[in-house]
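K.L.:
One structure, pasted below without further comment.
The values are calculated or read from the model by the stated rules, or taken from the named source; none is laboratory data. Since the structure is predicted, the reported quantities are computational estimates derived from the model, not experimental observations. Positions of Cβ are backbone-derived with ideal geometry, glycine not excepted, and every protein chain shown enters the neighbour counts. When the accessible area is computed, the model is the full protein with side chains, heavy atoms only, and any ligands, DNA or RNA have been set aside. Shrake-Rupley method; radii C 1.70, N 1.55, O 1.52, S 1.80 Å.
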Amino acid sequence: MALISAESLERVKQAADIVEVVSTHTDLRRQGVRWVGLCPFHEERTPSFSVDPQEKLYHCFGCGVGGDTIKFVETKEGLGFAEAVELLADRYGVELEHDQEDPQAEAKRQKRRRLGELLDRTASFYAGFLWDSDEAGRARDYLRERGLEEETLREFGVGYAPSAWDKVLMRGQRAGFSVEELRAVGLAQRGKGGGEYDRFRSRIMFPIRDRRGRTLGFGGRAMSSDQGAKYVNTAETDFFHKSHMLYGIDLAKQAIAKAGRAVVVEGYTDVLALHQAGVREAVGVMGTAITAEQVSALSGMVDEVVLALDADSAGQEAMLRAQRVAAGRQMRIRVAAMPSGEDPAEMTAGENGAERFRTLVEEAVDLPAFQVGLVLDRTNVTSPSERDRAMNEVAPVLAGMGETASRDDLVRRVAERLDLEPALVMGRVTAARPLSGRPQEPPGQGGSSAPRRAAELTSRERRERALLAMCIALPDDGKEYLARLTDEHLSPAGVRIASWLREHPEDPASNLPHEDDELAGLIAELVITAHDEPASSEAMEHNYLLLEQRRLEAEIAAAGKAEDYERRAALSRERAALVQRIAHAERVGG
Ligand SMILES: [Zn+2]
């Protein structure tokens, strides 16, 4: 796929209804020219999320996120720019046209496409082999014994890799693929003697697919104990990173969006069994611990994840890790502790299994509560030193929760159990450093510099933003002020906004820089403010003069530092005259 043409990009932007798009994630109601609602990116009780239907922009005055319709889809669905445009084009019936692109990128895409085809073909081969060959009879028996039905296995494309050393290698080459290509996708590997052979042999094969259902790699389960590792996965390749993938996401994504949460389990067969039992929002992490990339992939889709992992110590460790990787994200992580010795596949295969599992998920407790519970359960409360140790362990967990009602509940629980005054427990919590670095904060939209909330701005920054918003509201005056404003008047963010406005005087919001989240968010904020807040030439002049005063003060300080007293005196006189003008303007303006 080459670059989407500018014309069709424009058509998509025109066709997409931002109110409708946002409304699938939060309820909006009309308020004057805007629509407002609870922010879908951070937790809040009073709405600070604004949508401007004319400019097709959104901005949250609480956590600072913002952008256009495409940015919203990118962030909320966890998609790249092109994918978000495609999704909107689909939804609003816009035919996308593409520009020609440079041959190198095209060649790379061609290569990717070929490798994708090779993986898909091989997945079909394995699946066919599972159902049709005598050799796979034992594998079919094993899967049947685990309670997995043919329909489920076919849906997930489960297959079987033959025992021969070169079946896939030969087939691939006959179909026109090179040995290098087979190696690039992790299907062939080189032996000690230098020859190539199939990486997967005599194994039940689980194709690992991306969100769009494209096979990127495999997990292979051994059929006998003398085969070495029980599970072998595709080695890391250029485009297969196991730690980024969620097994079953292609089949689970709709149910996840609908349920508003994902259920995360450990193994391939757990995912299959749960889907078969109707728990369609289940995905697998293919390892004990969930990774930051997996949390990130999910945080675009949902704000709640239920971990259904083994209750054993490895599982507990995995849950603690989850806490760390979720730190700083707006993601609620709950824990459904599996009864020891039972995994989700075994549970759902048993009597009323699906129901038991559903109950477990419904009753899942928040991760911090789960951790605190673990500590309290292990503590011998009759021993003062044990109680002290328990307090040390739970304080950082509680500190990481931020100031929430559920934290207060937990504090009371800890106090009761350890026989301490709640105030004393709370004192320890406030003194503790949160386990996860920082307490819950609203999410950034990628990039290192998270947007800052209005309350965190300095008075100078607030003034500068007010003036820049008025430059948008009153473009004729705006042009004049944008010419008068220098970099010395502005904060670094202000400098970037001003130069954007100088370059896009007519329509600052129509082509937000999608590769620059921070700037796009700032522009969205100012355009929405411009529509909403009163603007006047007088107010602009007033704000400008105050910024000018700040600039002069900085210059006076610099002159003093350089021991240029003459200059300092001249600047001070200038400042005094300015202060008088400001005072006069304020009296006149009332
Ligand atoms: Zn927000």
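K.L.:
Answer yes or no: is there a residue in the stretch 83-93 that is touching a Lys or Arg at 6+ places or on another chain (Cβ under 6 Å), under 24 Å from Glu515 (Cβ atoms) and more than 16 Å from the ligand (Cβ to nearest atom). Steps first, please.
P.N.:
Taking the stretch 83-93 and keeping what is touching a Lys or Arg at 6+ places or on another chain (Cβ under 6 Å), we get none.
No, the stretch 83-93 contains no residue that is touching a Lys or Arg at 6+ places or on another chain (Cβ under 6 Å), under 24 Å from Glu515 (Cβ atoms) and more than 16 Å from the ligand (Cβ to nearest atom).
K.L.:
Here's another thing I want to ask about it. Any chance the stretch 389-398 includes a residue that's outside any helix (DSSP H, G or I), at negative phi and touching a residue at least 24 places away in the same chain (Cβ under 8 Å)?
P.N.:
Residues of the stretch 389-398 outside any helix (DSSP H, G or I): none.
Checking the stretch 389-398: not a single residue is outside any helix (DSSP H, G or I), at negative phi and touching a residue at least 24 places away in the same chain (Cβ under 8 Å).
K.L.:
Please find, within the stretch 68-92, the residue that is farthest from Ser299 (Cα to Cα) out of those that are in contact (Cβ under 8 Å) with a residue 12 or more places away in the chain and not in a helix (DSSP H, G or I).
P.N.:
Ranking the qualifying residues of the stretch 68-92, first place goes to Tyr92.
K.L.:
If Val85 satisfies every condition in (1) farther than 30 Å from Arg113 by Cα; (2) surrounded by 21 or more Cβ atoms within 10 Å (Cβ to Cβ) but one, which is the exception?
P.N.:
Val85 satisfies every listed condition except (1).
K.L.:
Same structure again: Give the residues of the stretch 537-568 that are in contact (Cβ under 8 Å) with a residue 40 or more places away in the chain and of a type in the set (Gly, Ala, Ser), sorted by residue number. I'd like the intermediate steps shown before the answer.
P.N.:
Step one: filter the stretch 537-568 for residues in contact (Cβ under 8 Å) with a residue 40 or more places away in the chain, giving 537-548, 550-551, 554-555.
Correct list: Ser537, Ala539, Ala554.
K.L.:
Among the listed residues Val335, Val306, Val302, identify the single one that is closer than 20 Å to Leu38 by Cα and at pLDDT 70 or above. Before the answer, list the steps.
P.N.:
Working: Val335 fails: closer than 20 Å to Leu38 by Cα; Val306 fails: closer than 20 Å to Leu38 by Cα.
Val302 is the lone residue from the list that is closer than 20 Å to Leu38 by Cα and at pLDDT 70 or above.
K.L.:
Any chance you could count how many residues in the stretch 30-52 are assigned to a loop (DSSP other than H, G, I, E, B), more than 10 Å from the ligand (Cβ to nearest atom) and charged (D, E, K, R)? Reasoning before the result, please.
P.N.:
Narrowing the stretch 30-52 to residues assigned to a loop (DSSP other than H, G, I, E, B): 32-33, 38-48.
Now drop any that are not more than 10 Å from the ligand (Cβ to nearest atom), which leaves 32-33, 45-46.
Now narrow it down to the ones that are charged (D, E, K, R): 45.
Residues flagged as assigned to a loop (DSSP other than H, G, I, E, B), more than 10 Å from the ligand (Cβ to nearest atom) and charged (D, E, K, R) within the stretch 30-52 amount to 1.
K.L.:
Please state which of the following conditions His531 fails to meet, knowing it meets all the rest: (1) in contact (Cβ under 8 Å) with a residue 24 or more places away in the chain; (2) closer than 20 Å to His59 by Cβ; (3) out of contact with any helix residue (DSSP H, G or I) (no Cβ under 6 Å at 6 or more places or on another chain); (4) in a loop (DSSP other than H, G, I, E, B).
P.N.:
Failing condition for His531: (4).
K.L.:
Scan the stretch 38-67 and report the pairs whose first residue is touching a residue at least 12 places away in the same chain (Cβ under 8 Å) and of a type in the set (Phe, Trp, Tyr) and whose second residue is within 7 Å of the ligand (Cβ to nearest atom) and part of a strand (DSSP E or B), with Cβ atoms within less than 9 Å and a gap of 6+ or a chain change.
P.N.:
From the stretch 38-67, the pairs are Phe41/Phe49; Phe41/Cys60; Phe49/Cys60; Tyr58/Phe49; Phe61/Phe49.
K.L.:
Ok, one more. Regarding the stretch 251-261, can at least one residue be identified that is in contact with a Ser or Thr (Cβ under 9 Å, 6 or more places away or on another chain) and either exposed (fewer than 14 other Cβ atoms within 10 Å of the Cβ) or modelled with pLDDT under 80 (or both)? Before you say what the answer is, go through the steps one by one.
P.N.:
Taking the stretch 251-261 and keeping what is in contact with a Ser or Thr (Cβ under 9 Å, 6 or more places away or on another chain), we get 257.
The next check asks that each one be either exposed (fewer than 14 other Cβ atoms within 10 Å of the Cβ) or modelled with pLDDT under 80 (or both); those that pass are 257.
Yes.
K.L.:
Tell me which residues, restricted to the stretch 58-73, are within 16 Å of the ligand (Cβ to nearest atom) and farther than 13 Å from Ala509 by Cα.
P.N.:
Matches in the stretch 58-73: Cys60, Phe61, Gly62, Cys63, Gly64, Val65, Phe72.
K.L.:
Further, regarding this structure: Condition first: touching a helix residue (DSSP H, G or I) at 6+ places or on another chain (Cβ under 7 Å) and at positive phi. Now tell me which residues in the stretch 146-202 satisfy that.
P.N.:
If the condition is that a residue be touching a helix residue (DSSP H, G or I) at 6+ places or on another chain (Cβ under 7 Å) and at positive phi, then Gly147, Gly157, Ser202 are the ones that fit.
K.L.:
Of all residues in the stretch 276-290, how many are over 23 Å from Ala222 (Cα atoms) and open to solvent by less than 20 Å² (accessible area, probe 1.4 Å)?
P.N.:
4
K.L.:
Considering Glu106, Glu101, Glu117, Glu95, which residue is modelled with pLDDT under 90, assigned to a helix (DSSP H, G or I) and among the acidic types (Asp, Glu)? So that I can check it myself, show each step before the final result.
P.N.:
Values: Glu101 fails: assigned to a helix (DSSP H, G or I); Glu117 fails: modelled with pLDDT under 90; Glu95 fails: assigned to a helix (DSSP H, G or I).
Every option except Glu106 fails the conditions.
Residue-by-condition table, conditions (1) closer than 27 Å to Val185 by Cα; (2) open to solvent by 40 Å² or more (accessible area, probe 1.4 Å):
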{"position": "Val51", "(1), (2)": "no, no"}
{"position": "Phe61", "(1), (2)": "no, yes"}
{"position": "Val94", "(1), (2)": "no, no"}
{"position": "Gln110", "(1), (2)": "yes, yes"}
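K.L.:
Moving to a separate point now. Which members of the stretch 17-29 meet the condition of being open to solvent by 60 Å² or more (accessible area, probe 1.4 Å) and within 15 Å of the ligand (Cβ to nearest atom)?
P.N.:
His25, Asp27
K.L.:
Evaluate the following for Glu55: is it more than 16 Å from the ligand (Cβ to nearest atom), crowded, with 16+ Cβ neighbours inside 10 Å and more than 26 Å from Ser406 (Cα to Cα)? Walk me through how you get there before you give the answer.
P.N.:
On the way: more than 16 Å from the ligand (Cβ to nearest atom): yes; crowded, with 16+ Cβ neighbours inside 10 Å: yes; more than 26 Å from Ser406 (Cα to Cα): yes.
In short, yes.
K.L.:
I need the full set of residues from the stretch 474-490 which are in a helix (DSSP H, G or I), under 16 Å from Glu538 (Cα atoms) and not hydroxyl-bearing (Ser, Thr, Tyr), in order please.
P.N.:
Within the stretch 474-490, Pro475, Asp476, Asp477, Gly478, Lys479, Glu480, Leu482, Arg484 meet the criteria.
K.L.:
Here is a follow-up. So, in the stretch 240-249, how many residues would count as being open to solvent by less than 30 Å² (accessible area, probe 1.4 Å) and of a type outside the set (Gly, Ala, Ser)? Write out each step before concluding.
P.N.:
First pass over the stretch 240-249, keeping only residues open to solvent by less than 30 Å² (accessible area, probe 1.4 Å): 240, 245-249.
Subsequent filtering for residues that are of a type outside the set (Gly, Ala, Ser) retains 240, 245-247, 249.
Adding up the residues that qualify gives 5.
Here is a yes/no grid of residues against (1) hydrophobic (A, V, I, L, M, F, W, C); (2) open to solvent by 20 Å² or more (accessible area, probe 1.4 Å); (3) touching a strand residue (DSSP E or B) at 6+ places or on another chain (Cβ under 9 Å); (4) free of Cβ contacts under 8 Å to residues at least 60 places away in the same chain:
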position	(1), (2), (3), (4)
Ser133	no, no, yes, yes
Arg140	no, yes, yes, yes
Gly147	no, yes, no, no
Arg174	no, yes, no, yes
Arg183	no, yes, yes, yes
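K.L.:
Could you tell me which of the residues Tyr160, Tyr126 is outside any helix (DSSP H, G or I) and surrounded by 15 or more Cβ atoms within 10 Å (Cβ to Cβ)?
P.N.:
Numbers: Tyr126 fails: outside any helix (DSSP H, G or I).
Result: Tyr160 is the single residue among Tyr160, Tyr126 that is outside any helix (DSSP H, G or I) and surrounded by 15 or more Cβ atoms within 10 Å (Cβ to Cβ).
K.L.:
Among the residues that make up the stretch 491-512, is at least one of them open to solvent by 80 Å² or more (accessible area, probe 1.4 Å), part of a helix (DSSP H, G or I), under 19 Å from Arg462 (Cα atoms) and at pLDDT below 90?
P.N.:
yes
K.L.:
Is there a residue being open to solvent by 40 Å² or more (accessible area, probe 1.4 Å) and either of a type in the set (Phe, Trp, Tyr) or within 25 Å of the chain's Cα centre (by Cα) (or both) anywhere in the stretch 221-233?
P.N.:
There is at least one residue in the stretch 221-233 that is open to solvent by 40 Å² or more (accessible area, probe 1.4 Å) and either of a type in the set (Phe, Trp, Tyr) or within 25 Å of the chain's Cα centre (by Cα) (or both).
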